[in-house]
1. Can you find a residue in segment 232-241 that is of a type outside the set (Ser, Thr, Tyr), at pLDDT below 90 and within 30 Å of LYS31 (Cβ to Cβ)?
2. Out of (1) over 20 Å from SER240 (Cα atoms); (2) touching a Ser or Thr at 6+ places or on another chain (Cβ under 7 Å); (3) surrounded by fewer than 19 Cβ atoms within 10 Å (Cβ to Cβ), what's the single condition that is false for THR5?
3. Within segment 233-280, which residues are small (Gly, Ala, Ser) and assigned to a helix (DSSP H, G or I)?
4. Answer with yes or no whether VAL369 is under 28 Å from SER234 (Cβ atoms), buried (at least 18 other Cβ atoms within 10 Å of the Cβ) and at pLDDT 90 or above.
5. Please work out if GLY435 is assigned to a strand (DSSP E or B), closer than 19 Å to LEU496 by Cα and either not assigned by TED's automatic domain parsing to the domain that holds ALA492 or not aromatic (Phe, Trp, Tyr) (or both).
6. Scan segment 164-183 for residues that are in contact with a strand residue (DSSP E or B) (Cβ under 9 Å, 6 or more places away or on another chain) and farther than 16 Å from GLU197 by Cα and jot them down.
7. Might you check whether a residue that is surrounded by 18 or more Cβ atoms within 10 Å (Cβ to Cβ) and over 15 Å from PRO347 (Cα atoms) occurs anywhere in segment 258-271?
8. If you go through segment 24-40, how many residues are surrounded by 23 or more Cβ atoms within 10 Å (Cβ to Cβ) and not in a strand (DSSP E or B)?
Amino acid sequence: MSILTAENLGISFGAFDLFRGVGVTVANDSKIGLIGPNGIGKTSLLLLLAGINQPTEGKVFLARGKRIGYLRQEAMETFADRSNTVYEEMQTVFAGIHEQQARLHELEAQMAEGDFADERMEEYGRLQESFTQAGGYEVDVRIQQTLEGLGLSKQHWLLPLNHLSGGQKTRALLARLLLEKPDLLMLDEPTNHLDIEAVEWLEHTLGEWEGAVLIVSHDRFFMDNTVNTVWEMSRSGIESYSGGYSAFLLQREERWEYAERVYQEEKARLVNDADFIQRNWVRASTHTRALGLLRRLTRELAIVENYGVMALRSGKKWSEYDANTIRGTDRPLDVIEAIRKVNAIAPPAHRVHPIKPRLATDRVSGTIVMRAGDVALGYPGNLLFKVRDLELRRGECAALIGPNGSGKTTFLKTMLGLIEPLSGQVQLGASLKVGYFAQAHDLLDPNHTVMEELTRHKDMDAGLARNHLAQYLFQEDDVFKPVSALSGGERARLALAILALDGANFLVLDEPTNHLDIPAQEALQEVLEDFTGTILLVSHDRYLINKLATQVWEIRGGKLHVFIGSYREFVMRRAATSSSTARKVLPPAKPLLRLDSKDARKKAEALAKVEARIHEKESEVQRIYSALQLASDRQAFDKLNALSNQLAQAQAALEGFMSEWEKLAG
């Protein structure tokens, strides 16, 4: 059954059509990722589906009684009229449960005064059962786990909503949506303001989501772990693919190859038909056959012009096409016009990468590119972490990961000599030429134009500079834009354009895929995979890390931990280490209050519920760990990361239930 259906959707701004003719269906259990280049209309489509904006044409149908929850890409204006604290706002989701709880307390007070009327006891039993089934005893636990999972720690819970930053508001809105449990959850770039731990928590949560999910995201790894369908949006509409992002890539390549083959075969056939018509048009003996062939060719050209070459293989009868398509085709084209149209049929418009970076090295570096030992990093009075022993060799790629604020960018700046370590020394190797991509692009001069900033780094004439910048989508008057007026994506593209000219053999990349759409991420990934030098990468883009990293440097607990191997192997090791940790044993509970006491009954019920949760979660941990071992034995790498994340989240949840049990039993 479908939650939502859209037919022939279109949105226009004056004479400009952003998109037209879009039709989609969202089933009850759909997990959909919507991708496409920036500016194609993904956010506009979500706003139409959510009922926030109205289409220029077409309709959206939402099944009766179904609810939609929508997370905007930026939530600066969210909660503008709310004076609640973060925690109070989360409690508003459970207003109905709180009303039940208040009524239960009223009934308990009446019974405490000796009122045990049958109707009172009946209402109390009925209400308590409803309260329990609605999760009334779990409200605070759910709120706290959701807020902490999304990176809103206890210090934020009592803050007024209007005191939050834009990123914190987005996380708070996402938390409220998850607690509301709408039938269709629509998320526009939900990982933008989350660190890796929060993203992994969200992946686990969406993996267990009972309703439908529609996600717009540039995070390819996130989509691999959360969706089972990919919609690719382009100027020609939306194409649907089954599976996650990696499966989409394989299927898209197959479709491209098939479309190219169909194009070659069908165009060759049409060219042959046109050639036969031209050679036999003036011959009396073959004119009738040529005329019949021209009538068919006229119709087929109309199909190609309106629906593309692939429509010739659809198997549809001519009568099944829209009347507007076939209007006028009862009269055959002029022979010369038909030949011209056949020759003008263009090949399928495969998606072309919008940027074409090339990264070539000027020289070969020494074997040891970077070395550090017994180094303390941070700022005076603020130690971030320590490095005991670290070495990076030529041709390797190290991925530096850790929570936001843990010191990743500080490490890069210390290594580059931009700031001093608190103690110790970070040494760079011989024959190095470093190319640095700064996350904030703070090395760009805001007072320069795009052209001036490029030529400041590389002396070249205006023609060569224009040609180079055009590869990064800076065309015509764009090259005269001031750097201060560029968007985040434009700054990233300019920084990449400059980096491509450096000839560096050691790339230091701080969040290089921020603000880049997926086509640009794919292009950058391809060139980095072919790069022959050394890379130190700081990124939240786990898909990129997984493709490039030969070792993982993790900042955790005030120290830098080094893992030699790929990111996927790192995740497997982390999961195995966590699962081998001895599980806590439930301590004996302290004696409860007398069982005929109201508080004792409530406490016993709460303890029983938590104990049941603990046993369920223990079984889940064991099940996931067994599946992880089986996937590892079979080298099912497509499942390992998702299972590892599930295991980590299940263990974290188990720890939470244990802590809750200890508090209740205390």
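The values are calculated or read from the model by the stated rules, or taken from the named source; none is laboratory data. Since the model is a prediction, treat every value here as computed from it, not as a measurement. Counting neighbours? That spans all protein chains shown, and the Cβs are built from the backbone with ideal geometry, glycine included.
1. Yes, that holds for at least one residue.
2. Only one criterion is unmet by THR5, namely (1).
3. Within segment 233-280, SER246, ALA247, ALA259, ALA268, ALA274 qualify.
4. So VAL369 does not fit the description; no.
5. So GLY435 passes the test.
6. Of everything in segment 164-183, those that are in contact with a strand residue (DSSP E or B) (Cβ under 9 Å, 6 or more places away or on another chain) and farther than 16 Å from GLU197 by Cα turn out to be THR170, LEU173, ARG176, LEU177, LEU178, GLU180, LYS181, PRO182, ASP183.
7. No, there is no match, as no residue in segment 258-271 is surrounded by 18 or more Cβ atoms within 10 Å (Cβ to Cβ) and over 15 Å from PRO347 (Cα atoms).
8. Residues in segment 24-40 being surrounded by 23 or more Cβ atoms within 10 Å (Cβ to Cβ) and not in a strand (DSSP E or B): 0 in total.
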